Every structure is written in C-alpha cells, then in structure tokens.
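For reference, the structure is listed below as structure tokens.
The values are calculated or read from the model by the stated rules, or taken from the named source; none is laboratory data. The structure presented is a predicted model; accordingly, all values stated were derived computationally and were not measured. All Cβ positions, glycine included, derive from the backbone under ideal geometry; neighbour counts span all protein chains shown. SASA here: full protein model, heavy atoms, side chains in, ligands and nucleic acids out. Shrake-Rupley method; radii C 1.70, N 1.55, O 1.52, S 1.80 Å.
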Amino acid sequence: MGEFIDMTLNKCPIVVLISGNGSNLQALIDASEKSDYTISAVISNRPQAYGLERAARAGIATRVVDHTGFGNRDEFDVALRSAIDEYQPALVVLAGFMRLLGGDFVNYFAGRIINIHPSLLPKYPGTHTHQRAIEAGEKEHGVSVHFVTEEMDGGPVIAQQRVPIRADDTPEVLAARVLEKEHLLYPAVVNWFATGRLQMADNKALLDNAVLPPHGAEANQ
Ligand code: NHR
Ligand code: GAR
C-alpha cells in the first residue's frame, strides 16, 4: 500500500532547464525523494541532451524547446516561457542551461529562477571558467548558486562552495572537483526555496528573512 502513495503531493513543484549532461539534474533527482521539492518537468534547448534520458528514466516529463528552430532570441524565450508555464512551477532551476535569457523572460520569473555557475562569482561570469581561473593563477575556485537577473551571472548570490586549485590542475580535473561540490550544494539550496526559507527582494538574496552577504550563505544550514 504505502509504496503507492503519491509522495509528490504537497511538495514544491520545480521545472529544471538543461542543455547537456545533466549531472546536476541527476543530483536533484536523487535528493528529491528526501526533499520538499518535486521535479514536474525537465526542459532542454538541445534535443540530444543526455539529461533528457536521466529525466525519462526517473519518470519525469520532458520537453525540448530547440533554440535553432526560432528566428530570434525573443521567440525562443516566449516558447520556453509557455512550456514552463504549463507546469506552473514555484521555481525554475537552471542546471547547465547554456542559453542567455532575455530581460522579459527573466523579469517574468523574478525571484523564482536560480542558476548554478562554476565559479566564485563575481569572478569569471560566462564560459570557460575553469580554464580562466587556472590561467589567472588563482589558488581557489568554486561554484555559486544565484538568483537569475537580466545581467548574465550577475544576480544575487545565494551560496558558494570553494575548492583549491592545485599546481598540476587541468580545466577538466578542476571541473570535476567543482562538480562534486555542485552536486551537494544545488539540492540543498533548492530545498531552502521549497521550504520557504529563500527569497529575492530588492535584488538581494534573503535566507530566513535575513539579507545574505555578497558571497551568500554557508552551505550547511
Ligand atoms: N540569462 C540571464 N538573463 N541571466 C543569467 O544570469 C543567466 C541567463 C541564462 C543562462 C547560465 C549561465 C552560466 O551559468 C545563465 C545565466 C550561457 C551563456 C551564454 O552566453 C551565459 C551564461 C550562462 C549560460 N550562452 C551562449 C548564448 O549565446 C551560447 C553558448 C552555447 O550555446 O554553448 O546564449 O554560465
Ligand atoms: C556545471 O558545471 C554547471 O555549473 C555548468 O555546466 C556544468 C553542467 O553540468 N553551468 C554552466 O556553465 C552554465 N553556463 P551538468 O549538465 O552535468 O549539470
């Protein structure tokens, strides 16, 4: 009997946006059973994204909104927004989503859209973060989770995790070290939102109604 009770009832519905491998999606799936969120759908802008298979395997609805099928960015954004709205999520979670989103889209979801970015923001927004951190001679690198605002990777930081950069690191080795931290951090932050602890107000991130510092919260709260 018990195993047939729908454990998604009363959980905070989220939609996850991906473009590729989806290892962060997998971490969110794996943690969801013991968390207060449920993944209503996974949407990819790339039809070949491996994360779509991860979602299907977990019995989660999948959608593709292929950016190559639209004449311009605004048309893509409108189609993506309608696809998301069908699921009425409380939170939109970017997990390795690689398309820049326009102001109208981001403002529509203001305060209920977050991203995980592989750098210690505000350092290294954009792409190739691991290579850039190594080339700059940084001793430390890491991951940030932030609210998405119009400014690319510029929204208020919710939480960060640091990793060392070692003398012989390649971008690939460093990326793997950062990903391990990502997989722990993202489910924890999504659960903060799901339990009503996390908000955005006046372009600041708040946890338990307290404004978070520029580097965000400690991860193990
Ligand atoms: N959109 C807005 N408005 N604000 C943010 O903070 C966003 C965003 C969209 C995506 C994720 C981000 C990251 O974590 C993200 C944050 C892709 C690009 C990009 O320039 C920028 C930031 C991020 C992801 N993408 C290229 C583009 O032309 C395409 C690259 C590709 O397809 O491989 O959109 O780093
Ligand atoms: C992760 O490192 C994520 O932080 C990063 O891409 C990887 C996706 O891995 N995101 C970005 O760079 C966003 N522009 P995943 O698909 O296995 O989760």
Considering THR38, THR62, which residue is open to solvent by 40 Å² or more (accessible area, probe 1.4 Å), of a type in the set (Ser, Thr, Tyr) and either in contact with a Lys or Arg (Cβ under 6 Å, 6 or more places away or on another chain) or without any contact (Cβ under 8 Å) to a residue 40 or more places away in the chain (or both)?
THR62
Against the condition open to solvent by 70 Å² or more (accessible area, probe 1.4 Å), outside any helix (DSSP H, G or I), among the polar types (S, T, N, Q) and closer than 20 Å to GLY111 by Cα, how does GLN88 come out, does it pass?
yes
Please go through region 95-113 and pick out each residue that is within 7 Å of ligand 1 (Cβ to nearest atom) and closer than 26 Å to ASP169 by Cα.
PHE97, MET98
Looking at (1) free of Cβ contacts under 8 Å to residues at least 40 places away in the same chain; (2) touching a Ser or Thr at 6+ places or on another chain (Cβ under 8 Å), which one does ARG73 not meet, given that it meets all the others?
(2)
In the list VAL157, VAL173, VAL190, VAL148, which residue meets the criterion of being among the aliphatic types (A, V, I, L, M) and open to solvent by 40 Å² or more (accessible area, probe 1.4 Å)?
VAL173
Would you pick out the residues in region 65-85 that are more than 12 Å from ligand 1 (Cβ to nearest atom), open to solvent by less than 20 Å² (accessible area, probe 1.4 Å) and assigned to a helix (DSSP H, G or I)?
ALA83, ILE84
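Among the candidates ASP104, ASP66, ASP85, ASP30, single out the residue that is more than 12 Å from ligand 2 (Cβ to nearest atom) and under 17 Å from the mean Cα position of the chain (by Cα).
ASP30
Hey, any hits in region 5-21 for a residue that's surrounded by fewer than 16 Cβ atoms within 10 Å (Cβ to Cβ) and in contact with a helix residue (DSSP H, G or I) (Cβ under 7 Å, 6 or more places away or on another chain)?
Within region 5-21, one or more residues are surrounded by fewer than 16 Cβ atoms within 10 Å (Cβ to Cβ) and in contact with a helix residue (DSSP H, G or I) (Cβ under 7 Å, 6 or more places away or on another chain).
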Would you check if there is a residue in region 42-57 being surrounded by 14 or more Cβ atoms within 10 Å (Cβ to Cβ) and within 16 Å of ASP6 (Cα to Cα)?
no
Is it the case that some residue within region 151-158 is touching a strand residue (DSSP E or B) at 6+ places or on another chain (Cβ under 6 Å) and within 13 Å of PRO118 (Cα to Cα)?
yes
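When the residues of region 114-145 are narrowed to those that are polar (S, T, N, Q) and within 13 Å of ligand 1 (Cβ to nearest atom), which ends up most open to solvent (accessible area, probe 1.4 Å)? Before the answer, list the steps.
If we filter region 114-145 for residues that are polar (S, T, N, Q), which is where we start, we get 115, 119, 127, 129, 131, 144.
With within 13 Å of ligand 1 (Cβ to nearest atom) added as a condition, the list becomes 115, 119, 127, 129, 144.
Working: ASN115: 16, SER119: 0, THR127: 75, THR129: 4, SER144: 0 Å².
Going through the qualifying residues, I end up with THR127.
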